[in-house]
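Computed from the coordinates by the stated procedures, all read-outs in this text should not be read as laboratory data. All of these numbers come straight from a predicted model, not from anything done at the bench. Don't worry about glycine lacking a Cβ; one is built from the backbone with ideal geometry, like all the others, and counts go over all protein chains shown.
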Amino acid sequence: MKQRRFFHGVAACAVLFVLAAAAPAREPVGSIEDVRKLEKQIAGVAEKAMKATVALISEATGASGSGVVASADGLILTAAHVIEGVEEVEVVFPDGKQVKGKVLGANLSKDIGLVQIDDEKEKGPWPFMERGESKPLKAGDWVIAMGHSTGFDPARTPPVRFGRVVSDGPGNFMTTDCTLIGGDSGGPLFDLEGKIVGINSSIGEALKNNNHAGVDGFKDDWDRLIAGEVWGELQMNPLRNQERPVMGINFGPSVRGGGVVVSAVRGPAAKAGIRPGDVILTLDGTVVRNGANMQVLLAKRQAGDKVKVGGLRSGKAFEAEVELKQMNELR
Amino acid sequence: MKTGSFVLLLQASLLAGAHAQRGPEVPLMRPEEAEAVQRQTIEFFDAIRPASQRAVASTVWIWTDTTGRGKKPVIYGTVIGDGTEVITKWSEIAMARGPILVVGGDGKTATATVKGVYQDEDLALLSLKGARYRPVDLAHVEAPKLGSFVIAASPDDTPASVGVVAVEARSLREKDQAFLGVRLDPDHQGTGVRILGVEEASGAEEAGLAEGDVILSVGGREVNSLIEMRTALSGFGPGQRVAIRYQRDGAQAEAEAELKEKTESFPQFPNARLRQMERMGTSLSLVRDGFPSVIQTDMQLERDHCGGPVVDLDGRFVGVSIARADRTRSFIIPTAAIVKLLETEPVAPELAVRQRVVLPPPGGAPPGAMPRQRSVPVQPGQAEALRRHLEDMERLMERMRREMEGIGE
C-alpha cells in the first residue's frame, strides 16, 4: 500500500512539473508581490497589443468587429462571424489609421477567419502579435482580452480586460471571465507573455461566460483558410457542432447505477474494438451516467484526443483506447 | 479573514443564479474547474486585501429610504476633508426621504446632510454630524496606467471588486467633443474626404469651407476616410484652432478653423441586441454616462457598491468609483479630477433635483443631453413611482425593439 502511494506521489509531481513547464500562466498568486508581478505583465502586454488590435468594419453590412494582426505583412486573425458574407473590410488601427483588408477563408464551426491587409497606398510592415498555443490552457490560467467594444471609438483605445480561463472546451473553444460585449468579436485573447491564444467569439448571460475560439484552430485549418475557403456552420450549441469530437457510438438504454449500452459502432470506436452490446461505464476514469452525459463529457475534448473507455463485455471488464474524430469526418 | 471572501462568492453565485434561468453559469464547466476557479478567487482576494486595508476605514455605507419601504444601505461613500465630509453617488440618494445615515465598517454612525451636488460628475458632498472617520489621502494625483490593478474598497474587509485600467482617463461629456461642422460624403472615392454640407455658424463655415471641398489634412494629419477624420478631430477640444488643408477646383488651399462645442445632441441608439448585452449578468447604475473625466475599468462592481474609494496595489487612493456602466465597464473619477472639483462650489441640492430628475435616460443618452426644461420639481414619492414606471417602459420598449428587429430579419 505504502509503495503504491509513493508511486502516486511521483506521478503527481511529474504531472505538476509538466503543467508548470507548459503553462507559466498558472503560477499561484499568494501575496501582493505576486500580484505586482502580474500587473507588470498585464501592462506590458496591453501596451504592446494595443497597436495590433484592429477594428474590422464592413461598409457593405455596417457590421463592426475586431481582429488582431498576426504577421508583419498584415495577416489578421478574427472570428468567422465578423467577416461572414463579406469580401472586403475596412481595417482600422487604434490610432485611426484606416486601410483595406481582403477577406480570406473562414471556418464557421470553429468561428475563426483570416483577413489580409491589401491596400494600394499603405504597405507594411505592420505591428503584430505572435501566436501561442491554446490547447495547454486550463481553468485558472491568466489571460488578457482586447477588442473594440461596441465598435470603433476614436476617443478611446480598445479596452483591456483581465481574467482567467474558467473552463476549457467545448472542442477548440474555451470560456474566460474577461467580460466581452458586441464589437469585441474577433478580438484577441493573450496569455501573460503576449502570445495570441484565442479569438473572442460569443457570450452567455453570466459574467463568467465569455467564449473564445482557441488559436490552435488556425493551425489545424491554415491551408484552407489561406486558400479562401469558407465552410462549417455557426452553432451556439456545442453538442450540435459539426466538428464536435465523437467516438462513433450509437447509445442504447442507460444502465441503472451508471453506464450505457452500446447499440451500434462505427469509425474510431469500431477500430478500437468496441462492439454492440458492450456496456460503457467510464470515460478516462469518470463514471458515465448515460448517453447524454457521455456526449457532454466528449464535447469538452477535441478531435485527435485519445480517451480511455472502461466497460463490461459479457459480464467481464474491458478497456479500450479510442482516438476521437470530428463528427463530420465520420464515415 | 477568509469568511469575507466566502460571503462575497456566495453573493456572486446567488446573483448569478437570479440571472441565469437557463441552466448553469457556464455550461459544460467541470466541477474541478469550478473549484479551481473559486479557490483562485479566494487566493487572489487574500493577496490584494492588504492593499485596500487603509481604504476600508474611509469607506462608509450610506443608509436612507429611497423607496418608501424603509431604510437600507443604498450606496457607498468616500470620506474626505477632516473626516466629517463624504462624497457619494448623487443619483442613488437624490430621492432620499427623511434622514441620511452614514455607517462605517466599525459600526460608527453619523447623520448626514447634502451640502451640495456636482451634477456632471453625479457626486454629492455630504456633511456629517455625530462621528468622524479616516479621510482618504488626496495627495497622490497621478492616474493609474493602462493595465494597472485597481481595487474598490468596501466598509468591510473584503474589497467590493478588483479590475484593471481598461482605458485611461477621458471625457464622456458630449460638449467636450470638438465640433467642426461639416457633413461628409460617405461615397467619396480617392484622396481626402469630400464635404457634402457645412453647418451654420460652425467653425467650418467661419473658416470658409464649402460644399464640394475635399479636406486633405486636419492638424497636419492626412485624412482619407470618415473614421480617419473623426480620429484626427478627437485629438482636439472645443475652443482650439486647427489647420485644415483642402482642395477646391483642383487647387490646394489652407484654412484655420475654430472647433466649437457640440451643442445639439443626436443620440445614437445602440441596437436592441447591444442593449440586451449591456445588461447581461449585471444591474446597471441609473446615471452611467456623460462624466467629464473617468478611468474605464473592467471591475464587476455592483450598482450599490459604487461611490467608494478605489486604490492601487500600494493602497494609494486613485479615485471614486462612480458607475457600473454595462457588462464590461465600471467607471472611476480619478483623484486629480476630484481635487479640482472640490475647489469649486457645488450646486445646492434643491436646485440639483429641479435641474436633473434622476431617470434612466432611455437608450443611455448622456444626462447632459437631456433637455432641462423637461425636468419638473417633484415630491420624492412621485419621483420614485415615475422612475419605476419609466423603467417598466424602458423594458417594454426594449422588448418591442427586439421584436421589431425579429420582424426585420
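Summing charges over neighbours of A:Val322, with a neighbour being any other residue whose Cβ is under 10 Å away from its Cβ, gives +1 when K and R count +1 and D and E count -1. Shape summary: the range A:244-329 maps onto an equivalent ellipsoid whose semi-axes, from the alpha-carbon gyration tensor, are 18, 13, 12 Å in decreasing order. I want the local charge near A:Arg313. Using Cβ-Cβ distances under 12 Å, sum +1 for each Lys or Arg and -1 for each Asp or Glu among the other residues. Summing Lys and Arg as +1 and Asp and Glu as -1 gives 0. Using R0 = 60 Å, the C-beta based FRET efficiency linking A:Ser31 and A:Glu329 works out to 0.80.
Legend: calculated FRET efficiency, B:Arg97 to A:Glu319, from the Cβ-Cβ distance at R0 = 60 Å, rounded to 0.05, equals 0.25.
Here the Debye sum runs over all C-alpha atoms of chain A as equal scatterers in vacuum, and log10 of I(q)/I(0) at q = 0.13 Å⁻¹ comes out as -0.98. Mean residue ellipticity, 222 nm, helices only, chain A: the sum of -39500 (n - 2.57) across DSSP H runs of n ≥ 4, divided by residue count and rounded to 500, is -6500 deg cm²/dmol.
Maximal additional length on extending the B:Arg132-B:Thr67 stretch stands at 20.6 nm, based on 0.36 nm per residue less the C-alpha distance. Computed about the Cα centre, the dipole magnitude for the protein assembly as shown is approximately 3120 debye when only Lys and Arg (+1) and Asp and Glu (-1) carry charge, each at its Cβ. Exceedance of the 27 Å cut-off in Cα-Cα distance is limited, within the set A:Lys97/B:Lys175; A:Lys102/A:Lys325; A:Lys37/A:Lys100, to A:Lys102/A:Lys325; A:Lys37/A:Lys100. Using equal-weight Cα scatterers in the Debye expression, the normalised intensity of the range B:178-261 in log10 at q = 0.17, 0.22, 0.25 Å⁻¹ is -0.57, -1.01, -1.36. Think of each Lys and Arg Cβ as +1 and each Asp and Glu Cβ as -1; about the Cα centre, that makes the dipole of the range B:140-212 roughly 220 debye. In this rough spin-label picture, where each label sits 7 Å from Cα along the Cβ direction, the B:Ala201-A:Lys100 distance is 4.2 nm.
Computed extension length for A:Glu122-A:Lys40: 26.2 nm, one decimal, from 0.36 nm per residue of separation with the Cα-Cα distance subtracted. Between A:Glu88 and B:Lys115, the simple label model (points 7 Å from Cα in the Cβ direction) yields a spacing of 6.2 nm. When the Cα positions of A:Val29, A:Val288, B:Val102 are compared along the charge dipole of the protein assembly as shown, A:Val288 comes out farthest toward the positive end, with charges on each C-beta of Lys, Arg, Asp and Glu. Taking the charge dipole of the range B:178-261 about its Cα centre, with +1 at Lys and Arg Cβ atoms and -1 at Asp and Glu Cβ atoms, the residue from B:Leu196, B:Ser217, B:Leu180 reaching farthest to the positive side is B:Ser217.
Over the protein assembly as shown, the pair-distance histogram of Cα-Cα distances with 10 Å bins from zero comes to 3, 13, 21, 24, 19, 12, 6, 2, 0, 0 percent, rounded to whole numbers. Toward the positive end of the charge dipole of the protein assembly as shown, with +1 on the Cβ of Lys and Arg and -1 on the Cβ of Asp and Glu, the farthest Cα among B:Ala243, B:Ala352, A:Pro127 is that of B:Ala352. The Cα atoms of the range A:223-274 cover 49, 27, 13 Å along the three principal axes, with the biggest extent listed first. The modelled label-to-label distance for the pair B:Asp249/B:Thr191, using points 7 Å beyond Cα in the direction of Cβ, is 2.0 nm. The distance from the alpha carbon centre of the range B:41-73 to that of the range A:255-331 is 51 Å, rounded to a whole number. Extension gain for B:Leu396-B:Val141 works out to 87.4 nm (0.36 nm per residue, less the C-alpha to C-alpha distance).
Hydrodynamic radius of the range B:50-153 by the Kirkwood approach over all distinct alpha-carbon pairs: 14.3 Å. For the options A:Val82, A:Val91, A:Val166, a Gaussian network treatment of chain A with springs between C-alpha atoms closer than 10 Å singles out A:Val166 as fluctuating the most.
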